Amino acid sequence: MALIRIPSSLATLSSHFHYPHHRLFLSHRSSLRSSPAVSPRQLLSIVASGSQSGIEASSKVMLKDMDFPELEKWVQSHGFRPGQAMMLWKCLYGTNVWAHSHDELEGLNKDFKKMLSENASFKALSVKDIFTASDGTRKILFNLDDGMVIETVVIPCSTGRTTVCVSSQVGCAMNCQFCYTGRMGLRKHLRTSEIVEQAVFARRLFSSEFGSITNVVFMGMGEPLHNIENVLKASAIMVDDQGLHFSPRKVTVSTSGLVPQIKHFLSKSNCALAVSLNATTDEVRNWIMPINRKYNLSLLLGTLKEEIRSKHRYKVLFEYVMLAGVNDSIEDAKRLIELIRGIPCKINLISFNPHSGSRFRPTTDEKMVEFRNFLASAGCVVFMRPSRGDDRMAACGQLGEPGVIQPPMLRPPPRFQMAL
Ligand code: SF4
């Protein structure tokens, strides 16, 4: 399937078709032209500034790697007052400046700006490409300073909510069998600055078009809790009320089920937690999510039950990607109800979108509705994520570009071989 692509060569304005694995990203040549707030020319200049200027020299301190106490200390160590650190923090995150260079700083004195220009880097990412889907979803490809590429998705919604889906790693080590990113293996963890700047860029690029960016989901490339310290710091910057000021309930960190890290996350953060469950037996989960061989269903769900007890009005979001003949029977629905009993939660049923090399098929709409209704009739709070371009792009595991060497595909249990 194709996307409208803004070529990084910038040779022409004409869009062309690209990108095979996002099936539901239907080609729609007019959608770019119909985006009034960010014109093709503006986007081209954004892409140009990213790809031409690159990322600032690494000998300087990267400001967005620091939380506020660290920034304050660093500013003081250069002989400036803490109040100036707060003004700088607000220019980076809190006002509508979202400064990407010392030239863009507003209200700071000349000496402080000079010190910053000599010692600090403002920008961790540069835009490589921006794609627009037929439903208005944007996919941004960012270059890192070592030339690797990450993907971020901005998803507008008719209700006024706009979500940015951020990556936390390049690739992923978890090897979930239904996931395209998993085919890459882990290439590296992202730094705090590289994570937080995806949200900053979303606001910089699209706030005027979509209104405020209201939600963040860590459902792009990578297992966020495998890079937990940087994810904790980035999410703390996102919810800082002098900073990006997202509501903690609207910043959701998604995990495949790393039990010790879940405990750590719940003890340190008030952001929302999503757990990608996707199976109701260890036999199936061991196959489609190998992390289950280390932290099985009983340990994972027992830990959640225990840890959430002490958190006030906190609900886990269980994500459940529906795979035809694998996890979508009424027997699965019955087991799911029993598994989550006693855990304050919501369930999100996600339509699976095949990608190149995938062995799974999506559950039919009728069967998804039947599954949903069965859960709802047992009192579960359950949503269905429709199969649209934005939802595909937001889903954990639909991003990336696998190389020639890929992690192994795992052998299905015999009774599931017919389902594939
Ligand atoms: S689904 Fe998430 S955790 Fe699993 S391989 Fe994909 S990116 Fe990693």
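Some values worked out for this structure:
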{"read-out": "Failed criterion for residue 326 (all others in (1) within 27 Å of residue 249 (Cα to Cα); (2) open to solvent by less than 10 Å² (accessible area, probe 1.4 Å) hold)", "value": "(1)"}
{"read-out": "Cβ-Cβ under 9 Å pairs, at least 6 apart or on other chains, region 298-312 side assigned by TED's automatic domain parsing to the domain that holds residue 275 and under 12 Å from residue 260 (Cα atoms), far side of a type in the set (S, T, N, Q) and surrounded by fewer than 14 Cβ atoms within 10 Å (Cβ to Cβ)", "value": "307/267"}
{"read-out": "Residues of region 262-278 satisfying the condition of being hydroxyl-bearing (Ser, Thr, Tyr) and under 24 Å from residue 382 (Cβ atoms)", "value": "276"}
{"read-out": "Residue check for residue 225: away from the ligand (no atom under 16 Å from the Cβ), under 30 Å from residue 416 (Cβ atoms) and assigned to a helix (DSSP H, G or I)", "value": "no"}
{"read-out": "Hits in region 115-174 - residues which are open to solvent by 20 Å² or more (accessible area, probe 1.4 Å), away from the ligand (no atom under 16 Å from the Cβ) and within 18 Å of residue 190 (Cα to Cα)", "value": "123, 128, 143, 145, 146, 147"}
{"read-out": "Hey, residue 352 open to solvent by less than 10 Å² (accessible area, probe 1.4 Å) and at pLDDT 85 or above or not", "value": "yes"}
{"read-out": "Residue list for region 175-192, restricted to those being within 16 Å of the ligand (Cβ to nearest atom) and in a loop (DSSP other than H, G, I, E, B)", "value": "175, 176, 177, 178, 179, 180, 185, 190"}
{"read-out": "Selected residue [away from the ligand (no atom under 15 Å from the Cβ) and either modelled with pLDDT under 90 or over 26 Å from the mean Cα position of the chain (by Cα) (or both)] from 389, 357, 397", "value": "389"}
{"read-out": "Residue match in region 200-209 (condition: more than 16 Å from the ligand (Cβ to nearest atom), surrounded by fewer than 21 Cβ atoms within 10 Å (Cβ to Cβ) and more than 25 Å from residue 91 (Cβ to Cβ))", "value": "no"}
{"read-out": "Residues within region 264-296 that are within 16 Å of residue 224 (Cβ to Cβ) and charged (D, E, K, R), tallied", "value": "1"}
{"read-out": "Residue that is most open to solvent (accessible area, probe 1.4 Å) [pool: residues in region 84-114 that are polar (S, T, N, Q), more than 15 Å from residue 62 (Cα to Cα) and outside any helix (DSSP H, G or I)]", "value": "96"}
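The values are calculated or read from the model by the stated rules, or taken from the named source; none is laboratory data. Given the structure is predicted, the values throughout are model-derived calculations rather than measurements. No Cβ is skipped: glycine too gets one built from the backbone with ideal geometry, and neighbour counts run over all protein chains shown. All accessible areas refer to the heavy atoms of the entire protein, side chains included, with ligands and DNA or RNA removed. Shrake-Rupley method; radii C 1.70, N 1.55, O 1.52, S 1.80 Å.
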